[in-house]
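A.B. asks: Below you'll find the structure I mean.
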Amino acid sequence: MSKAIITVENLIKKYDSFTAVNNISFEVFEGEIFGLLGPNGAGKTTTLEIMETLRDKTSGKVIIHDFDLDKSPDAIKHIIGVQLQAAGYYPNLNLSELIELFSGLYGISVQPMELLAKVALTDKAKARYKELSGGQKQRFSIATTLINQPKIIFLDEPTTGLDPQARRNLWDLILEIRNAGTTIVLTTHYMDEAEVLCDRVAFIDAGKIIGIDTPDKFIDNLVASGFERKKQVKQANLEDVFINLTGKEWRED
Amino acid sequence: MTKKYSNTKATLAMAKASFRSILRSPSAVVFSLAFPLIFILVFGFIGGGGVSVDVGVDKGSDSQNPIYQALKSSKIVHLVEDETESEMKSNLDKGRIDAIINIQKQATRPPFIVNVRYTKASLEKGNIVKSVLNNILYEANRTPDAPPPVAELRESTVEARVYKTIDFILPGQLGFSLLSSGVFGTAFVFLSLRMTLVIKRFFATPVKRYSIVLGEAIARIVFSLLGALFIILIGYYFFGFTLIHGFVTVLEMLFLSALGLIVFMGFGFVVSGIAKNESSVPPIANIITLPQFLLSGTFFSITAFPTWLQPISRALPLTYLNDALRQVAFEGATLMDVSHQVLILLIWGIIIYAVAVKTFKWE
């Protein structure tokens, strides 16, 4: 087994009386794509934002690339890239100006065109963020996570709201980034996506982790337990694991 | 990390981004430049570039004397000589002419007596005539063969200088432009950065909070001072705005502008903290800007207000910025001379930033 780049131990996050994250522990290995799966409100984003240094935790321990979150959050910021769910960008600036701004915030210099080339947006260098299509917006968001050449990037629902083509296009991009050596932690509601992308996934429900393994293992286990799909196409897919584990078909946010 | 992280570099990156954004934002340009310029243009033309007074010359008046010649060459005084005595008298009663003079030569000393009749219909302009005459008599009395100067003629030069409409309007407009840019601009920027999670995304980078605020402040100050400089230069070259000590006066005005803007930005931070969304910014910001627009001597001198209203005017920060700008530009006051106004602005600054620290929200 490869080396852990993220270690989360007994993480708890409480908002007044509500416990969003309830004593979870997991590890993310160097160079893998790790998926946090679960229904809305399960605590995925909260967990992600604590690791991203954006949210205080109530208790627990988080170590990212040997840096303790309590002691050196600034060191962590330097080695991670973050894509937020539905975040906007500084108004009235074009893409290359936005990259220039971010590289200034990281204190490094970056060639905006080189970075835009990685996400196939060089022809949009002079366009504003709001003028981009959904898929282009997400590709640009991912580009901004790569500015500081991070060890780990966090993607919060990167493909939500995209059409199938844009989604597959983004999968290729995410796999490329991982193949270049970057560890990726992502959340998603799409089980087919998790099955294609993730080396390992953790299911979170009501603030607790209820299973961590590879998608294949989860599926095999479910099939071995005697599970059968009503309509026989394949024995099962990851979506079945999701529903089986959480036991809830549909939840509003 | 091979290189040490530089907060200065991050701050400057913020400032550059913000400055670019402001330049491309139509509302910032309209509020800071177009709005005050339109007012200056309107008032500049109403004022005709300067005050002038109509002075009737009595038929029996002597015209072979230095005082008459000086009046004739004055740009402020327009001499009315082609009216009959009764026409002149009636026009004086109606305030159509502001004064009638009659200069008499006599054998004894002093050689000339200047009789002036003012009218209650035009007291203000009468005062201008009075100060112009005082000035002329003072000059005349200084000549070696004339009698020694009379005490009451000793008017100071400042009082006799032409106070043009632009000299009043421009500092008021400049002050108001700084107020709206400081309050509206700052409030909108920080609210929208917060609402669109731009600030949250910044927090995932190593940037410090103060770098974000400082970068925004630098951009706004640079933009507003460029705007102020532009307004002052337009006023100076096209409308004869008085800059007593020239370039030094401009620098002093820019210093006061920066101070005023920093105080007003404090209000902007408070508004951005209180406002729930973008549409609640204008009402809250107007509560702060509108009373100052009306009561701080932007259009009229606050001495023109009823006495019960004046204490309110004298509590507002814009009053002191306007006052300091006018004194510096027109009366040639130094920054030390306006230290009272500067002090009150500083006190406002301390109060408002104390409130801002409590109310400002990052997320």
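A.B. asks: Name the pairs: first residue in region A:174-192 and within 23 Å of residue A:161 (Cα to Cα), second residue acidic (Asp, Glu) and open to solvent by 60 Å² or more (accessible area, probe 1.4 Å), Cβ to Cβ under 6 Å, at least 6 apart or on different chains?
C.D. replies: Filtered contacts from region A:174-192: A:191/A:239.
A.B. asks: Now for a different question. Does any residue of region B:349-356 turn out to be in the same structural domain as residue B:173 (by TED's automatic domain parsing), of a type outside the set (Gly, Ala, Ser), at pLDDT 90 or above and open to solvent by 80 Å² or more (accessible area, probe 1.4 Å)?
C.D. replies: For region B:349-356, residues in the same structural domain as residue B:173 (by TED's automatic domain parsing), of a type outside the set (Gly, Ala, Ser), at pLDDT 90 or above and open to solvent by 80 Å² or more (accessible area, probe 1.4 Å): present.
A.B. asks: Let me ask something else about it. Step by step: first the residues of region A:66-79, then only those that are surrounded by fewer than 18 Cβ atoms within 10 Å (Cβ to Cβ) and part of a loop (DSSP other than H, G, I, E, B), then the one that is farthest from the other protein chains (Cβ to nearest Cβ). Which residue is that?
C.D. replies: Among residues in region A:66-79 that are surrounded by fewer than 18 Cβ atoms within 10 Å (Cβ to Cβ) and part of a loop (DSSP other than H, G, I, E, B), the one farthest from the other protein chains (Cβ to nearest Cβ) is A:70.
A.B. asks: Related question: Within region B:5-39, track down each residue that is among the small types (Gly, Ala, Ser), over 14 Å from residue B:224 (Cβ atoms) and at pLDDT 90 or above.
C.D. replies: B:10, B:13, B:17, B:21
A.B. asks: Out of all the residues in region B:133-140, is one or more part of a helix (DSSP H, G or I), modelled with pLDDT of 75 or more and β-branched (Val, Ile, Thr)?
C.D. replies: Within region B:133-140, one or more residues are part of a helix (DSSP H, G or I), modelled with pLDDT of 75 or more and β-branched (Val, Ile, Thr).
A.B. asks: What are the residues in region B:282-341 that are in contact (Cβ under 8 Å) with a residue 60 or more places away in the chain, charged (D, E, K, R) and either exposed (fewer than 15 other Cβ atoms within 10 Å of the Cβ) or not in a helix (DSSP H, G or I) (or both), if any?
C.D. replies: B:331
A.B. asks: Among the residues that make up region B:254-268, is at least one of them assigned to a loop (DSSP other than H, G, I, E, B), open to solvent by 10 Å² or more (accessible area, probe 1.4 Å), touching a residue at least 12 places away in the same chain (Cβ under 8 Å) and assigned by TED's automatic domain parsing to the domain that holds residue B:32? It would help to see each step written out before you state the result.
C.D. replies: Restricting attention to region B:254-268, the residues satisfying the condition of being assigned to a loop (DSSP other than H, G, I, E, B) are none.
There is no residue in region B:254-268 that is assigned to a loop (DSSP other than H, G, I, E, B), open to solvent by 10 Å² or more (accessible area, probe 1.4 Å), touching a residue at least 12 places away in the same chain (Cβ under 8 Å) and assigned by TED's automatic domain parsing to the domain that holds residue B:32.
A.B. asks: Identify, please: which residue in region A:91-111 is among the hydrophobic types (A, V, I, L, M, F, W, C) and within 19 Å of residue A:52 (Cα to Cα) and is, among those, farthest from the other protein chains (Cβ to nearest Cβ)?
C.D. replies: Initially, region A:91-111 is screened for residues among the hydrophobic types (A, V, I, L, M, F, W, C), giving A:93, A:95, A:98-99, A:101-102, A:105, A:108, A:110.
Narrowing the set further to residues that are within 19 Å of residue A:52 (Cα to Cα) leaves A:102, A:105.
Numbers: A:102: 7, A:105: 4 Å.
The selected residue is A:102.
A.B. asks: Ok, one more. Is it true that some residue in region A:83-90 is more than 12 Å from chain B (Cβ to nearest Cβ), open to solvent by 20 Å² or more (accessible area, probe 1.4 Å), farther than 14 Å from residue B:203 by Cα and not in a helix (DSSP H, G or I)?
C.D. replies: So the first thing to find is which residues in region A:83-90 are more than 12 Å from chain B (Cβ to nearest Cβ), and the list is none.
No, region A:83-90 has no match at all.
Yes/no matrix, rows are residues, columns are (1) of a type in the set (Ser, Thr, Tyr); (2) within 14 Å of chain B (Cβ to nearest Cβ):
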site	(1), (2)
A:123	no, no
A:129	yes, yes
A:140	no, yes
A:149	no, yes
A:173	no, no
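A.B. asks: Exactly one of these conditions fails for residue A:113: (1) assigned to a loop (DSSP other than H, G, I, E, B); (2) surrounded by fewer than 19 Cβ atoms within 10 Å (Cβ to Cβ). Give me its number.
C.D. replies: In the conditions (1) assigned to a loop (DSSP other than H, G, I, E, B); (2) surrounded by fewer than 19 Cβ atoms within 10 Å (Cβ to Cβ), residue A:113 misses (1) alone.
A.B. asks: Follow-up. Out of the residues in region A:29-48 meeting the condition of being touching a helix residue (DSSP H, G or I) at 6+ places or on another chain (Cβ under 9 Å) and not in a loop (DSSP other than H, G, I, E, B), tell me which one is farthest from residue A:188 (Cα to Cα).
C.D. replies: At the first step, the residues of region A:29-48 found to be touching a helix residue (DSSP H, G or I) at 6+ places or on another chain (Cβ under 9 Å) are A:31-33, A:35-39, A:42.
Within this subset, residues satisfying the condition of being not in a loop (DSSP other than H, G, I, E, B) are A:33, A:35-37.
On the way: A:33: 12, A:35: 7, A:36: 7, A:37: 6 Å.
Ranking the candidates gives A:33 first.
A.B. asks: Keeping to region A:183-235, report how many residues are open to solvent by less than 40 Å² (accessible area, probe 1.4 Å) and among the polar types (S, T, N, Q).
C.D. replies: Matching residues across region A:183-235 total 3.
A.B. asks: I'd like the full set of residues that are open to solvent by 10 Å² or more (accessible area, probe 1.4 Å), within 13 Å of the chain's Cα centre (by Cα) and either within 14 Å of chain B (Cβ to nearest Cβ) or among the aliphatic types (A, V, I, L, M) (or both), limited to region A:1-48.
C.D. replies: Scanning region A:1-48 gives A:45, A:46.
The values are calculated or read from the model by the stated rules, or taken from the named source; none is laboratory data. As the structure is a prediction and not an experimental result, all values here were calculated from the model. A quick note on method: Cβ atoms are made from the backbone with ideal geometry, for glycine too, and the neighbour counts reach across all protein chains shown. These accessible areas exclude ligands, DNA and RNA; they are computed on the full protein's heavy atoms, side chains included. Shrake-Rupley method; radii C 1.70, N 1.55, O 1.52, S 1.80 Å.
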